[in-house]
Amino acid sequence: MPSRPVASGDHVVLVDGSSYIFRAFHALPPLTRPSDGLPVGAVSGFCNMLWKLLRDAGWVDPTHLAVIFDKSEVTFRKEVYEHYKANRSEPPEDLIPQFPLIRSATCAFSIACLEQAGYEADDLIATYSRLAAEAGAEVTIVGSDKDLFQLVGGGVTMLDPVKDKRIGPDEVFEKFGVAPSKMIDLQALAGDSVDNVPGVPGIGAKTAAQLLEEYGDLETLLERAHEIKQPKRRENLIANADLARVSKRLVTLETNVPLEVPLDELAVHEPNPSRLIAFLKAMEFSTLTRRVAEATGVEISSVTPDPEMMSGRRAAPPSPLRGGLG
């Protein structure tokens, strides 16, 4: 596995794998592999999004690159609040068999494929971002999850892969009315119905932004809640102060994850186009196979489909999941 220390002038690109998966799954009509009916719509969308990122977004040009996934929903946050994400249903049935295929696709692109037990992908992204920024590198987080907005600033920006839009401090303020440094407090107040973060009843993002503008931060607001003129708002803040603090712990990303794969090992290296084409041929993605072949100068007929991905086989996750760089 290639390794190169991150230094000033480098560009570290971290892709939120879960964001890619669910955008790919929901944005496209169902698709099955012709030879055996295997659901592959999310895999196809994921591959096309990765190809677009690497080929069309010329400004990306990373020195270090990884796609980061959630390993499971059982993380330290369950210990903080047992109902965290308790409202989430199981993934769609036809998406489940595509998860290992998507990880295999990442490796076929010769990109580091990472996940770590006990932590969410966002925590890994937060830790890698901190380390890269401290080393003087530019960091781009590819994703649009608002939980990641707290990381923006100090050399870290985001890229919305659907809108192809850069998200910096100005864009965060425009959308939420607070600077990235206050996004944690805003989410602690407003909560998050998707992740079942309780927040304070009756306070949404707009009200939270107004309160933070007036009082500065969550603790100051809670300490001075008795000063608030609106009775219901005042009562809710006083009664749910502890819940707001719990919510803040839930939405605060961990920037000190004990990483199993060091940042230096995310160094980009020369990809293997034949390996990618072999995967795409096995998936029977003819259009993207042609695009990759044309862009890389590889003759399609000279590449044999990856036998591990062929019809009738069910992929197991690459082992180790950080693989794909060898």
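The values are calculated or read from the model by the stated rules, or taken from the named source; none is laboratory data. Computed from a prediction, not measured in an experiment: that's the story for all the values here. When we count neighbours, we look across all protein chains shown, and the Cβ atoms used for this are built from the backbone with ideal geometry, even at glycine. To get the accessible areas, we keep the full protein, side chains included, count just its heavy atoms, and leave off ligands, DNA and RNA. Shrake-Rupley method; radii C 1.70, N 1.55, O 1.52, S 1.80 Å.
Okay, here's what the table says:
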read-out	value
Amide H contacts under 5 Å for VAL142, placed H, 5+ residues apart	LEU14, VAL15, ASP16, LEU159
Kirkwood hydrodynamic radius of the range 188-300, from inverse mean 1/r over distinct Cα pairs, in Å	18.5 Å
Per residue accessible area in Å² of the range 1-101, where ligands, DNA and RNA are left out and the probe is 1.4 Å	48 Å²
Tilt relative to the chain, helix 286-296 - C-alpha long axis, 0 to 90 degrees, to 10	80 degrees
THR157-GLU82 FRET efficiency (beta carbon distance; Förster radius 45 Å; 0.05 resolution)	0.80
For peptides 180-187, 229-236, sequence by mean Cβ density within 10 Å, most packed first	180-187, 229-236
Burial order of peptide ranges 291-300, 43-52 (average beta-carbon count within 10 Å, highest first)	43-52, 291-300
Karplus-derived 3J(HN,Hα), 6.51/-1.76/1.60, for each residue of the range 157-166, Hz, glycine and proline x	10, 10, 10, 6, x, 7, 7, 6, 10, 6
Rounded D (µm²/s) - the range 105-264, Kirkwood Rh over Cα pairs, Stokes-Einstein at 25 °C, 0.890 mPa s	145 µm²/s
Within the chain, percent of DSSP bridges classed antiparallel, to nearest 5	30 percent
Hz values of 3J(HN,Hα) by residue in the range 110-116 - Karplus curve (6.51, -1.76, 1.60), Gly and Pro given as x	6, 10, 4, 10, 10, 6, 8
For the range 137-189: rounded, prolate or oblate by the Cα gyration tensor [a/c cutoff 1.5]	prolate
Reported label for calculated Cα extents along the principal axes in Å given (i) 85, 37, 28; (ii) 67, 62, 41; (iii) 74, 44, 32	(iii)
Heavy-atom accessible surface of the chain: percent carbon and sulfur, 1.4 Å	51 percent
For peptides 160-170, 139-149, 239-249, sequence by mean Cβ density within 10 Å, most packed first	139-149, 239-249, 160-170
Hull shadow area, averaged, the range 23-152 [alpha-carbon convex hull, nm²]	9.6 nm²
Helix 41-55 vs. the chain, principal-axis angle (Cα, 0 to 90°, nearest 10)	90 degrees
